[in-house]
Structure formats: C-alpha cells, structure tokens
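Visitor: First, the structure itself, so that you have it in front of you.
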Amino acid sequence: MLQAIVTDIEGTTSSLSFVKEVLFPYAARELPGFVRAHGQRPEVRQLLDEARQVAGGALDDGQLVTTLLRWIEEDRKIGPLKGLQGLMWEAGYRQGDFQGHVYEDVPRRLREWKERGIRLYVYSSGSVHAQKLLFGHTRFGDLTPLFSGYFDTGMGGKKETASYAAIARELGLPAAEVLFLSDVRAELDAAVAAGLLAVCLVRGEGPEVDPGPHPVARSFDDVHP
Ligand SMILES: CSCCC(=O)C(=O)COP(=O)(O)O
Ligand SMILES: [Mg+2]
C-alpha cells in the first residue's frame, strides 16, 4: 500500500518559468551586492568557500561571483550555489517581490492525499531552505504544514539511484510504498531503479517532456495514488 509521495518542484508542483524567469534572474541580480554585504556572515562564508572548492581554484570574491553567475545561467545543480540562492530568495519572499508559484491542482490534491494518511515530501535540487520558502509563500497561503519533510542534493543527485534508496531508508518505508513525481525522465528512471513507483508530470510548458516508460499525468488530478 502506498505510504508516501515525494515530489519534485520545478516542472512538477511549480512552473519552469517561475524558476527560470523569476527566481534565477532575481538571484543573479542580487548576487554581487549580497556577497559584498553578507560575505562575512559565517553561513554565507561557508557556502562561498564550498563554491570556491567546487570551482577548483583560489578565486577571489569577484572571480567567484563571475563563476556563480555562469552557474546560474547554466542551471547547474551545485549545492553551495543552491544554498546561496535560497538565502537571497528569502529577502524576495519576505519583501513580497514574488510568491512561490504552485499550480492550482497542487494544494487541493496534496490536502486530499494527506487527509488519506499519505505522507508528503519534497525532493528538489533547490536547498531545503528554498523549498520551505517557496511552499511557505504561495497565493494559496502557507503549504508547508502539508509536508512531513524535505530533501535536497544533500541526499545525492536527482539522477542517481542511490539518492532514492537513501530517501526510502530515511522515510523508514519499503521503496515500493513510495511514489515519486517528476517531469524529468532520468530522475524517474533512477527512482524506479531504486524500487520506487513513479509518475511523469507533463505540464505542457517549456521543452517537450520525454516520459519514457513512466505513467503520464498532466496535473496532480491525473495522479491516482
Ligand atoms: C526550491 S525552489 C528553486 C528550485 C531550484 O532551484 C531548482 O534548481 C529546481 O530544481 P528541481 O529539482 O526542483 O527541478
Ligand atoms: Mg523538475
């Protein structure tokens, strides 16, 4: 029997355009000033040092900012970049510069599934902090009470089978009792290889989605756990 649903964000609960046209440009605009103003805060310093290590060189802050801007442009899923983005988006949500986008079917179905006793989780490349901000500031209100937990790339990459096995272990559930929702075939392939159930969201926005062998849903209304 299905016990838990783990959902991706970008392209699944939320639109690609919100992430790519609102969140990423906001982070890119804020980054130079953020590093100047907050670069000495311990948690920011730590993320900058980790990013410098990933970049593989003794870059000064200016060179590092240039590298981080390129990573944003290339949509690289690099942990310290994702951590920095979350810290910058915090101000944007708090000031009301934007709200977290979720499709209208999402809160409705999440509530229904939770009421049926299904535990709900998020697994995204965005940091756990960024995930909570997004779901905490939607036009449907604060959706964070619906979720029992959040996972980011601290569990491993989203295209790696081991990440899904680790998530099932963390949930204390057999993998076959966990359903993963995503719009990216390689993520669904990895989840199924770990023994999870999987459904591919095809929201009809952005580049064509290849569902491969996975069942397709156009919205959460088509997901029948
Ligand atoms: C957590 S909000 C921003 C999403 C993000 O930064 C991202 O890279 C999207 O990754 P996903 O794994 O949700 O497709
Ligand atoms: Mg996605």
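The values are calculated or read from the model by the stated rules, or taken from the named source; none is laboratory data. Keep in mind the model is a prediction, meaning the values are calculated, not measured. Ligands, DNA and RNA are excluded from the accessible area calculation, which covers all protein heavy atoms including side chains. Shrake-Rupley method; radii C 1.70, N 1.55, O 1.52, S 1.80 Å.
Visitor: On the protein heavy atoms, probe 1.4 angstrom, tell me the percent of accessible surface of segment 55-175 carried by carbon and sulfur. Kindly include the intermediate steps, with their values, before the conclusion.
Guide: Details: 2630 of 5470 Å².
With neighbouring chains kept in place, the figure for segment 55-175 is 48 percent.
Visitor: Would you calculate a helix-derived [θ] at 222 nm for the chain, using -39,500 (n - 2.57) for each DSSP H run of n ≥ 4 and dividing by the full residue count, to the nearest 500? Provide the component values of the computation, followed by the final result.
Guide: Values: 8 runs with 98 residues, N = 225.
Rounded to the nearest 500, the figure is -13500 deg cm²/dmol.
Visitor: Let me ask something else. Per residue, what volume in Å³ does the Cα convex hull of segment 1-74 take up? Please list the in-between numbers first.
Guide: Working: hull volume 10.2 nm³, N = 74.
Each residue corresponds to 138 Å³ of Cα convex hull volume.
Visitor: Please provide three numbers in whole Å: the alpha-carbon extents of segment 92-143 along the principal axes, with the largest listed first.
Guide: Rounded to whole Å, the extents work out to 35, 22, 14 Å.
Visitor: With a 1.4 Å probe and every protein chain left in place, work out the accessible area per residue of segment 64-167 in Å², rounded to a whole number.
Guide: On the way: 4410 Å² over 104 residues.
Each residue of segment 64-167 exposes 42 Å² on average to a 1.4 Å probe.
Visitor: Turning to a different aspect of this structure: Using the scaling law 2.2 N^0.38 Å as the reference, what is the normalised Cα Rg of segment 165-225? Please list the in-between numbers first.
Guide: Values: Rg = 11.8 Å, N = 61, 2.2 N^0.38 = 10.5 Å.
Compared with the compact-globule rule of thumb, segment 165-225 sits at 1.13.
Visitor: Additional query: Stick to the Cα atoms of segment 110-188, pair each with every other, and give me the Kirkwood hydrodynamic radius in Å at one decimal. Each step should come with its number before you reach the end.
Guide: Working: mean 1/r = 0.0746 Å⁻¹.
It is 13.4 Å.
Visitor: Pull up all non-local amide H partners of residue 138: gap of 5 or more, or a different chain, and H-to-H distance under 5 Å with H placed in the peptide plane.
Guide: Under 5 Å from the amide H of residue 138: 100, 143.
Visitor: With the convex hull built on the Cα atoms of segment 1-156, state its orientation-averaged projected area in nm².
Guide: Numbers: hull surface 38.2 nm².
Here the figure is 9.5 nm², rounded to one decimal.
Visitor: If you don't mind, another one. What is the Cα coordinate range of segment 50-104 on the first, second and third principal axes, sorted by size from largest, in whole angstrom?
Guide: Projected onto its principal axes, the Cα set of segment 50-104 covers 44, 21, 16 Å.
Visitor: Going down the list 132/158; 20/114; 114/159, which pairs span over 21 Å between their C-alpha atoms? Don't skip to the answer; put the middle values down first.
Guide: On the way: 132/158 18 Å; 20/114 29 Å; 114/159 27 Å.
20/114; 114/159, as the Cα separations exceed 21 Å there.
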